[in-house]
Every structure is written in C-alpha cells, then in structure tokens.
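Laboratory data are not the source of any read-out in this text; all were calculated from the coordinates shown. The model shown is predicted, which means the values in this text are computed figures rather than measured ones. Cβ atoms come from the backbone with ideal geometry, glycine included; neighbour counts cover every protein chain shown.
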C-alpha cells in the first residue's frame, strides 16, 4: 500500500484548509480572556470545540486498533466520550457557568482555598499531559506511516502543527476548525463505513473473515484464541475484556470528560447556557457514529491482514499467509492502511488529511486547556504572551515524554489520562458546586491525593477491574470521613 500523488495533494489541501480556518478565526482574539474562553459561541461552535478535541487519535486510530484485537468492545471508547459530553451539558454546564469561574480549579479554589487549587492543578496536569503525549504519539504514527519519517522528526513536526493550530486562535480557533473537522469526519467516516460494509459483505461477512484468518493454529495461539467460540466471544461481544474492564473504561471516559478543562472551556465559551447545553448534546449524538465506523474498519482489517510480527512468526514456522491476506506494520496502522488501500485516492487523501487534523486538533485543545491551568491556577498571571509560552513549553516536554513512551498503547494512555483527571477532581468539583461548606479544605485535598494514588496503585498492581473504581472509591471514603458534622 503506497501513497500516490493524489493522496499527498489531498492531505496537503485538507491540512491547509484547517490551518487557514484556525488562523482566520484567531484574528478576532484580542486578549487572554477571549483567547481562552471566547464568550459568544453558538451551539455548533461549542459542539465543534468539544468534538474537535474529544475525538482525537484514541477515538479513531485507537478505536480501530482495539477493534483489530477485541472487536465490538472497542466501541466503548466513543460511547464513553459521548456520555461524558451529555453529562457535561445536561448536569454540569449550568452550575459551571453560574460559578463565575474560567477554570475548573478556580471553582475548587473559591470553595476550598488556594492550596486545594495548587494541589489539584498539579494532579490534574499530570492527567492532561499524558493525553497530550498520546496525541503526539498518534500524530507521529500517522506521519511515520504516510511519509516514512523517523520517530524524532515526526514528533517534532506533530508538535509544530499542534502549536500552529492553537497559538493564533485559542478556543475560537479550536471551535471553528472543529466544525470543519466535524463535516470532514462524517464524510470520511461514512465513506469508510460504506466501503467496509460493501467489501466485508456486512457484519456477518466481517465476522466470517475474522474466523478464516484465525484458521492458522499458530496465529490463533499468538492471539490466545482457542477456537471458534473464543473468536465469537472476543469479536462479537461488547464486553470481550470483561464487564468490569470494558464498562470501567467507559466510566473513565465519561467522568474524565466532565473533569477536563478543555471541554469546560467550550461550555464557558458559549453565548448562553442553553447554547452550551445544546452544543454538548449535539456532540454526544454525533460521536458514537464515528466510533462505529472505526470499529468496523478495525474488525475488517483483522479479517484481511496480519501484522508484520505475525507474518514473520508464520514464515519462521514454515507456514505461508492465507490467500488474500495482507501485511501491516502493526495494529496501530489499521485505520490509515485501510484508507490507503481501500478508498479511492482522492477520497483517501482527504480522509488521511482529516485523520491527521483530527489528532492535531485534539492535541491543540488539550494543550490550550493545560496552558490555561498553568497560567491561571499555578503562575496566576493573565497574560496572552505567557499563555502562548506555556503552550510551547508543554509541547516541548510532550515531545521528550512521547519519545520515552513510544512503546505504549495509545488507548491505554487515554484511559489512564481521563481516569486520573476524574479520580483527582470529580468529587471535589461536584461538592464545590452542589454542597458548598460541607467539607473541609484539608479533606478535599486529601481526597484528591488519595484518589490519584489509589488509581495509580491499582493500575501498577493489576488489580481486578478498571483502576477508576479504586480511585473514585478512595476519594469518596476520604471525603466522607472528613465531612464536617
């Protein structure tokens, strides 16, 4: 599967379109406040800002990668993201806007003081930074597969492109480019979904092809497949990795969205609370369809391709590849490889450019949210220049971190990032909004630390179920124990 000139032209034109929209919309930014929160956005602009940063590398490339190995259960990632947008819009948007704050940590500070804000900001930044790193890895995977560039070069190029998107427009840029991306994503997702359905002869045909590829005993053994029943259980079930694991991952996404500065900024950017709520609801309705298309692509690719490592193992064992089976470098390449190999070049170029935009837009929104926290909650200076310097610094650190974490699974980083944000902030934020005066500052600080530490410990010790359960339980116990009488 090779890129053609038509592919490259399509990629460049699509990326150029997004950058032009971002820069043109950013001309209206005059100060740090409008850079970070906007203030006059309509419902679709809010939807674009949330979708433009929520549907990133994990939702597209990561979902297809997970579907390649676990089938339908990969859909939980985007289902969780949609539920998070719904929860943010219907439950949290009103109280957040009435709080008069511009960051989530500011909400906590108003109720529990600057020390709670400082501790929460540090813990919160860890989660966001992990997600920034995962977006840099996603962009690196895309650029590497498209142009064959080495890791360091693709990481640096990805960081520069993310900076270009956000530096000149802030949240207005993210919202405007998010709307453009929304249209392009749906065109490309619909095209990919139709192509998969036609090529795979429906869901039953896709499942049959997966069974056929595992007819090789060695390939089945390499993937812990013991027979047809195992294949059906893994690829045809929504809880292939166990209900606590898959539903726990969905919970991490749902609650993590509520606790992410970037999505809260989209709510604050709306002209009215009603428009903020509508924008979040629109986003919630649209996201699962993109996830469904990516899931089908991943399953189709599993039925028609093996990874380079699997192909080498088969060759070493004296087995030849089954007829009609291709080879991709690794499962992370499932989505871009499908686009290159199975869509018309002109449409494939637009789709590849959209996928790259998708990753870069998500990264830009996360960086904007993290830099806002750095300036307003840690440095405590309202400076446009300082905000932009913080963006550059975060991306530089992200490039270094991504280089050392290059062997990690992108979706695992996404689950960890969102889960850590929720474990640290969900309960303190909620009691600050709805139960003011009921808890002490020391208790809130202790709950933040306990939730984060317990979640990390559960992950490191490989305890049963998703680490999110342990983190939330620890945070809740500490809050209840320290509750004022």
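By the beta-carbon count within 10 Å of each Cβ, the least crowded to most crowded order of 197, 268, fewest first, is 197, 268. For the chain, the longest principal axis of the Cα atoms and the long axis of helix 345-373 meet at an angle of about 30 degrees. Just how far, in whole angstrom, is the range 107-145 from the range 431-449 if you go by their alpha carbon centroids? First find each Cα centre; the distance between them is then 21 Å.
Test of understanding: express the Cα radius of gyration of the chain as a ratio to 2.2 N^0.38 Å, with N the residue count. Here the answer is 0.96, to two decimals. The Cα atoms of the range 114-154 give a gyration tensor whose axes a ≥ b ≥ c have a/c of 1.5 or more with a/b greater than b/c, which makes the shape prolate.
For a footprinting-style exposure proxy, rank 59, 99, 204, 216 by other Cβ within 10 Å, fewest first.
Fewest to most other Cβ atoms nearby, the residues stand as 204, 99, 216, 59.
Rounded to the nearest 10 degrees, the angle from helix 170-200 to the longest Cα principal axis of the chain is 20 degrees. Per-residue ellipticity at 222 nm from helix content only, as computed over the chain with -39500 (n - 2.57) for each DSSP H run of at least four residues, stands at -25000 deg cm²/dmol.
What ranking do 304, 232 get, fewest neighbouring Cβ atoms within 10 angstrom at the top?
232, 304
Shown here: the range 324-469, whose C-alpha atoms stretch 64, 46, 31 Å along the first, second and third principal axes, sorted largest to smallest.
The equivalent ellipsoid that matches the C-alpha gyration tensor of the range 359-416 spans semi-axes of 24, 12, 10 angstrom, in descending order.
Kindly express, to the nearest 10 degrees and within the range 0 to 90, the angle between helix 441-460's C-alpha long axis and the longest C-alpha principal axis of the chain. Tilt relative to the chain: about 10 degrees.
Structural descriptor for the chain: relative contact order 34 percent, calculated from alpha carbon pairs under 8 angstrom and at least 6 residues apart.
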